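S.K.: This is the structure I want to talk about, given as structure tokens.
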Amino acid sequence: MFLPMNEKQFGFWKMRRSGMSNITIANLVGITRQGVFQALLAMDEKIDASLREMARANRIQIEKIDGELGVLFGKSIPFQKAAFIFVSEKHGMQVWYEHDGDCGSCDEYTKCIEFIWDFAAELGIKIEKTADPTKMAEELLAKIREKVP
């Protein structure tokens, strides 16, 4: 499923995810609170469907999903590892797998650090700055888990 990141609904969703109330969003954009509510319901359904579709495509068994935050926790069936799917304003949909690796020698080191910082900022989560992306990711995931019912 295509995730319409340029639609107004996605903008409302990002605002709510950052902590804004529906009435604040309504006042900012000049529509009714009910209009915001309806747009968010529709966007939540799209986010949820996109997360589920990405999980199916990557053979991830869903454990927890939160469309309001744009996160899915699961387990990769082929890899038998924890798997995570995120909706990021800047990075789009991301699928991450728990793994032990040598971050210092990885070509993706800078991208991982950037994504972790950006996603933490999108969720309003403070994490410790470290040169180890694994530690940063573990801290971020633990704090996200606290937010997901």
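S.K.: Which of the pairs 90/143; 8/135; 8/129 have their Cα atoms more than 29 Å apart in this structure?
M.R.: Values: 90/143 20 Å; 8/135 35 Å; 8/129 33 Å.
Violating the 29 Å limit, Cα to Cα: 8/135; 8/129.
S.K.: Hey, in the GNM for the chain with a 10 angstrom Cα cutoff, which one of 19, 30, 74 fluctuates hardest?
M.R.: Evaluated over the chain, the most mobile residue of the options is 30.
S.K.: In deg cm²/dmol, rounded to 500, what helix-only [θ] at 222 nm does the chain give when every DSSP H run of at least 4 residues adds -39500 (n - 2.57) and the total is split over its residues?
M.R.: Numbers: 5 runs with 73 residues, N = 149.
After summing the helix terms and dividing by the residues of the chain, the value is -16000 deg cm²/dmol.
S.K.: Just name one of 101, 26, 54: the one whose Cα is farthest towards the positive end of the charge dipole of the chain (beta-carbon charges, Lys/Arg +1, Asp/Glu -1).
M.R.: The Cα lying farthest towards the positive end belongs to 26.
S.K.: Using Cα springs under 10 Å in a Gaussian network model of the chain, which residue among 123, 51, 28 shows the largest mean-square fluctuation?
M.R.: Result for the chain, Cα springs under 10 Å: 28 fluctuates most.
S.K.: Got a sec? How would 21, 88 order by Cβ neighbour count within 10 Å, fewest to most?
M.R.: Working: 21 12, 88 15.
Going from sparsest to densest Cβ surroundings: 21, 88.
S.K.: On a 0 to 90° scale, report how tilted helix 33-57 is relative to the longest principal axis of the chain, with both axes built from alpha carbons and the result rounded to the nearest 10.
M.R.: 30 degrees
S.K.: Continuing with the same structure: If I model a spin label as a point 7 Å beyond the Cα along the Cα-Cβ vector, how far apart are those points for residue 21 and residue 107 in nm?
M.R.: Here the modelled spin labels are 5.0 nm apart.
S.K.: Hey, another quick one. Take every Cα pair under 8 Å in region 1-112 that's 6+ residues apart, average their separations, divide by the length, and report that relative contact order as a whole percent. Spell out each step's value before the answer.
M.R.: Working: 139 pairs, mean separation 18.2, N = 112.
It rounds to 16 percent for region 1-112.
S.K.: For each of 119, 73, count neighbouring Cβ atoms within 10 Å of the residue's Cβ, then give the residues from fewest to most.
M.R.: Details: 119 24, 73 19.
Fewest-to-most Cβ neighbours within 10 Å comes out as 73, 119.
S.K.: May I pose another question? For helix 8-17, report the angle its Cα long axis makes with the longest principal axis of the Cα atoms of the chain; keep it between 0 and 90° and round to the nearest 10°.
M.R.: For helix 8-17, the angle is close to 60 degrees.
S.K.: Place a +1 charge on the Cβ of each Lys and Arg in region 8-147 and a -1 charge on the Cβ of each Asp and Glu, then give the dipole magnitude about the Cα centre in debye, rounded to the nearest 20. Working shown, then result.
M.R.: Numbers: 20 positive and 21 negative charges, 116 e Å.
Dipole of region 8-147, to the nearest 20 debye: 560 debye.
S.K.: If you don't mind, there's one more thing I want to ask. Report the trypsin sites (Lys or Arg not before Pro) located in region 7-90 that are in a DSSP loop and have at most 12 other Cβ atoms inside 10 Å of their Cβ, or state none.
M.R.: Working: sites: 8, 14, 16, 17, 33, 46, 52, 56, 59, 64, 75, 81, 90; in loops: 59, 90.
Loop-located and lightly packed - 90.
S.K.: How long is the gain from residue 148 to residue 94 if the chain were fully straight, where each residue apart is worth 0.36 nm and the alpha carbon distance is subtracted? Don't skip to the answer; put the middle values down first.
M.R.: On the way: separation 54, 0.36 × 54 = 19.44 nm, distance 1.77 nm.
This chain segment gains 17.7 nm when fully extended.
S.K.: Suppose R0 equals 25 Å. What FRET efficiency, 1/(1 + (r/R0)^6) with r the Cβ-Cβ distance, do residue 118 and residue 82 give to the nearest 0.05?
M.R.: Numbers: r = 21 Å, r/R0 = 0.84.
Taking R0 as 25 Å, the efficiency between residue 118 and residue 82 is 0.75.
Read-outs: derived from the displayed coordinates by stated rules, not from any lab. Quick caveat, the model's predicted, so the values are computed rather than measured. Every residue, glycine among them, receives a Cβ derived from its backbone with ideal geometry; neighbour counts consider all protein chains shown.
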